[in-house]
Amino acid sequence: MGKTDHDAVLQARVLLLGSGLPSVGEQVSAYRVLLGVNRQAYAPKLVDALLTMAGRSRNPEVGLALTTEAVQVARTIEAGAPSRTERLCRALGSHQAALFALGRRAEGRAVRGELAEARGGVRSATVLAEEGRFGEAAELNEEARSDSLEDSFGNLVEWAANLEGAGRHDEASAVFRTFLDTIRRFVTERRVDRDELVWALVHHARMRETAGDGAGAAAARREALTVLEELAAGGPKGPGRISSWLTLFVLSGRAGEPAASADSPMPPFGTATGTGTGTGWSGDVREAFLGGLPGLEAEAAGLREAGRLPELVDVRRRITVRLAVRGGDHPYLFTERYASCFDEGVALARRLSGDPGRLARALTDRAMFRTAAGDFGPAYADFAEAVALLDAR
């Protein structure tokens, strides 16, 4: 062992005990020095400071270096020490996210294995879904199921999405019916608003349509239309729980995107669209998804010039999904942010002759957006037209 620099130790202690609050960088420097004096006392504090500093850094390479150090220090915390597992998991999760942000997914997957072991075998379903491993992701969702409201949305929707991604449509519908039952119960108990039920029913109709169950899809649409009619009778109310609408709208766009793989990951559709450790979208996946906007805009311009309306409608919808992800779920200027996208989708689809499916989809998209905005009258008009088009096929 090297000799202790007593002057450096004294300076570090004075800094930490002084009346002023040291910066995070100063804390990191001090805890690095004191680590040599009492590792078990200062290792947890150094991990915390390193992760805070990494979270504030805008330089991915710096963030990676800090999370690398955080993992190394967290591993040295004595087994059985309070919060060792929690700190090691946070450090590994941040390190994985930093690797993913730099496009180093193979290394990130290796870290994922250690993270799963540290968590007692619990892996990240979202990362598996990003790589198209939907069956494995669904197994993890099943293990994590819960009866709480937030977990019902966060886990059951994701679980159903992963089952559907794996081609297990009937199982996916069964899981989503459980979610629907939960929403109905919470509506009755007045714990959530009825617009939540409308979104869920419309999404379930999409699921049944994909599975070839036209009768089941029609029944879900009729129930949604009834609820929406009741909401329209009460007048507008302003934006609702936009995060639920956003998650389901983005999920509805998965079928129009390329298949996910380890070499070409896609967003974990069915999860919240933000980034996070083990729960949200990986940073590199989100950036790549949004980074496709210029190319899609250029493709749309070419299709418009060539008069290829069906393909243009589809590409504009992919653009709208990305704009919704980028814009997020905050209610400020919600209608102003998105109205033109959905209006354009409907206007383009109306120009198509003999294609009621695309028009019904565009009307449904706008109806659900208007439901999210609390503008129930126009939402009902749009959805009623969409249902009539679909029933007439």
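Couple of notes before you dig in:
- Residue identified as of a type outside the set (Lys, Arg), assigned by TED's automatic domain parsing to the domain that holds ILE319 and either without any contact (Cβ under 8 Å) to a residue 12 or more places away in the chain or out of contact with any Asp or Glu (no Cβ under 9 Å at 6 or more places or on another chain) (or both) among THR188, THR182, THR210: THR188
- Selection within segment 261-284 - in contact with a Ser or Thr (Cβ under 9 Å, 6 or more places away or on another chain) and of a type in the set (A, V, I, L, M, F, W, C): PHE269, ALA272, TRP281
- Every residue from segment 134-153 that is surrounded by fewer than 19 Cβ atoms within 10 Å (Cβ to Cβ) and modelled with pLDDT of 70 or more: GLY135, GLU136, GLU139, GLU142, GLU143, ALA144, ARG145
- Taking first residues from segment 79-102 that are outside the structural domain of MET266 (by TED's automatic domain parsing) and part of a helix (DSSP H, G or I) and partners that are of a type in the set (S, T, N, Q) and buried (at least 24 other Cβ atoms within 10 Å of the Cβ), the Cβ contacts under 7 Å between residues at least 6 apart in sequence or on separate chains come to ALA91/THR67; SER94/THR67; HIS95/THR67; ALA97/SER282; ALA98/THR67; PHE100/SER282.
- Some residue of segment 17-24 being closer than 30 Å to GLU107 by Cβ, aliphatic (A, V, I, L, M) and either in a loop (DSSP other than H, G, I, E, B) or modelled with pLDDT of 90 or more (or both): yes
- Residues satisfying the stated conditions in segment 218-254, i.e. of a type in the set (Gly, Ala, Ser), more than 17 Å from VAL175 (Cβ to Cβ) and in contact with an Asp or Glu (Cβ under 7 Å, 6 or more places away or on another chain): ALA218, GLY240, SER243
- Each residue in segment 244-268 was checked for being assigned to a helix (DSSP H, G or I) and more than 17 Å from THR126 (Cβ to Cβ), and 6 pass.
- With respect to the conditions (1) within 27 Å of ASP284 (Cβ to Cβ); (2) surrounded by 16 or more Cβ atoms within 10 Å (Cβ to Cβ); (3) more than 27 Å from the chain's Cα centre (by Cα), GLY25 lacks only one, and its number is (2).
The values are calculated or read from the model by the stated rules, or taken from the named source; none is laboratory data. Just so it is clear, the structure is predicted and the values come from calculations on it, not from any experiment. No Cβ is skipped: glycine too gets one built from the backbone with ideal geometry, and neighbour counts run over all protein chains shown.
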